[in-house]
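K.L.:
The structure is given below, and queries will be raised subsequently.
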Amino acid sequence: MTTDPTTITRADLSEAVYAEVGLSRHESAQFVDVILDEISKALVAGEQVKLSSFGSFSARHKKQRVGRNPKTGEEVPILPRRVLMFRASHTLKERISAGMKGLPVPPASTTEDDE
Amino acid sequence: MTKSELILRLSEKNPHLFQRDIERIVNAIFESITLALARGQRVELRGFGAFSVKKRDARTGRNPRTGEAVEVAEKFIPFFKTGKQLRDRLNGEEQ
């Protein structure tokens, strides 16, 4: 699907959606956006998003701190901001490790408690 | 929000789709991301963020309690970098 074999994009995900249910290619592409947008909205609203057997996302508040321009050495304030944290589930880590070591990737766990 | 809540919210907004199909779609997406990462591919979702895999070399660690040296095998860790648009949205800036 992609021209770059090292990277997959939304286009590849919508292709996977297209293969899964009877949606058109256009609807599949739209639905990928709809899902990512729903997750984004929850995060912007301050919710934690836990996707079992994948991982969890949460927004964290960072206080203001003094940074430094690495080129000039000049001190600049880094303003307080919200950053996103992603915590991979055990299942995700195990499946990636297996794949990267050339082993068969085990199926996703079906337990809900693994975030 | 859990995965089941995500599916519920999506099905409320998309009454023309069966909830079980939405569940299959959500699962297909995260399964595709996982399998790509397991092949060592990067997953770039413009505006949302990018997932990649980082290698942690094998090292000699130490049991912090006993001080005993333990071999830690090389590891592959998934990593997420927030996309610019989402980062801006988190900080109250419209895209």
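K.L.:
Could you count how many residues in the range B:42-51 are under 20 Å from A:Lys101 (Cβ atoms) and open to solvent by 30 Å² or more (accessible area, probe 1.4 Å)? Explain how you work it out, then say what you get.
P.N.:
First, pick out the residues of the range B:42-51 that are under 20 Å from A:Lys101 (Cβ atoms): B:42-43, B:51.
Going one step further and asking which of them are open to solvent by 30 Å² or more (accessible area, probe 1.4 Å), we end up with B:42.
Qualifying residue count for the region: 1.
K.L.:
May I ask you to list pairs of residues, at least six apart or on different chains, whose Cβ atoms are under 8 Å apart, with the first in the range B:8-21 being without any contact (Cβ under 8 Å) to a residue 12 or more places away in the chain and more than 9 Å from chain A (Cβ to nearest Cβ) and the second being surrounded by 16 or more Cβ atoms within 10 Å (Cβ to Cβ) and part of a helix (DSSP H, G or I)?
P.N.:
Once the first residue is without any contact (Cβ under 8 Å) to a residue 12 or more places away in the chain and more than 9 Å from chain A (Cβ to nearest Cβ) and sits in the range B:8-21, its partners that are surrounded by 16 or more Cβ atoms within 10 Å (Cβ to Cβ) and part of a helix (DSSP H, G or I) give B:Ser11/B:Ile22.
K.L.:
Looking at this structure, is B:Ala38 more than 23 Å from A:Ala29 (Cβ to Cβ), crowded, with 17+ Cβ neighbours inside 10 Å, within 8 Å of chain A (Cβ to nearest Cβ) and in contact with a helix residue (DSSP H, G or I) (Cβ under 9 Å, 6 or more places away or on another chain)?
P.N.:
Numbers: more than 23 Å from A:Ala29 (Cβ to Cβ): yes; crowded, with 17+ Cβ neighbours inside 10 Å: yes; within 8 Å of chain A (Cβ to nearest Cβ): yes; in contact with a helix residue (DSSP H, G or I) (Cβ under 9 Å, 6 or more places away or on another chain): yes.
For B:Ala38, the condition - more than 23 Å from A:Ala29 (Cβ to Cβ), crowded, with 17+ Cβ neighbours inside 10 Å, within 8 Å of chain A (Cβ to nearest Cβ) and in contact with a helix residue (DSSP H, G or I) (Cβ under 9 Å, 6 or more places away or on another chain) - is met.
K.L.:
Follow-up. It is to be established whether one or more residues within the range B:76-92 are open to solvent by less than 70 Å² (accessible area, probe 1.4 Å), in contact with a Gly (Cβ under 7 Å, 6 or more places away or on another chain), part of a helix (DSSP H, G or I) and facing another protein chain (nearest Cβ under 9 Å).
P.N.:
Yes, the conditions are met somewhere in the range B:76-92.
K.L.:
Looking only at the range A:1-26, count how many residues are open to solvent by 60 Å² or more (accessible area, probe 1.4 Å), at the interface with chain B (Cβ under 8 Å from one of its Cβ atoms) and among the hydroxyl-bearing types (Ser, Thr, Tyr).
P.N.:
Residues that pass the stated criteria total 1.
K.L.:
Moving to a separate point now. In the range B:52-68, how many are surrounded by 11 or more Cβ atoms within 10 Å (Cβ to Cβ) and on the phi > 0 side of the Ramachandran plot?
P.N.:
0
K.L.:
Would you be able to say whether some residue in the range A:57-68 is open to solvent by less than 70 Å² (accessible area, probe 1.4 Å), on the phi > 0 side of the Ramachandran plot and modelled with pLDDT under 95?
P.N.:
Scanning the range A:57-68 turns up no residue that is open to solvent by less than 70 Å² (accessible area, probe 1.4 Å), on the phi > 0 side of the Ramachandran plot and modelled with pLDDT under 95.
The values are calculated or read from the model by the stated rules, or taken from the named source; none is laboratory data. Quick caveat, the model's predicted, so the values are computed rather than measured. For neighbour counting, all protein chains shown are included, and Cβ atoms are generated from backbone atoms with ideal geometry for every residue, glycine included. For accessibility, only protein heavy atoms count, side chains too; no ligands or nucleic acids. Shrake-Rupley method; radii C 1.70, N 1.55, O 1.52, S 1.80 Å.
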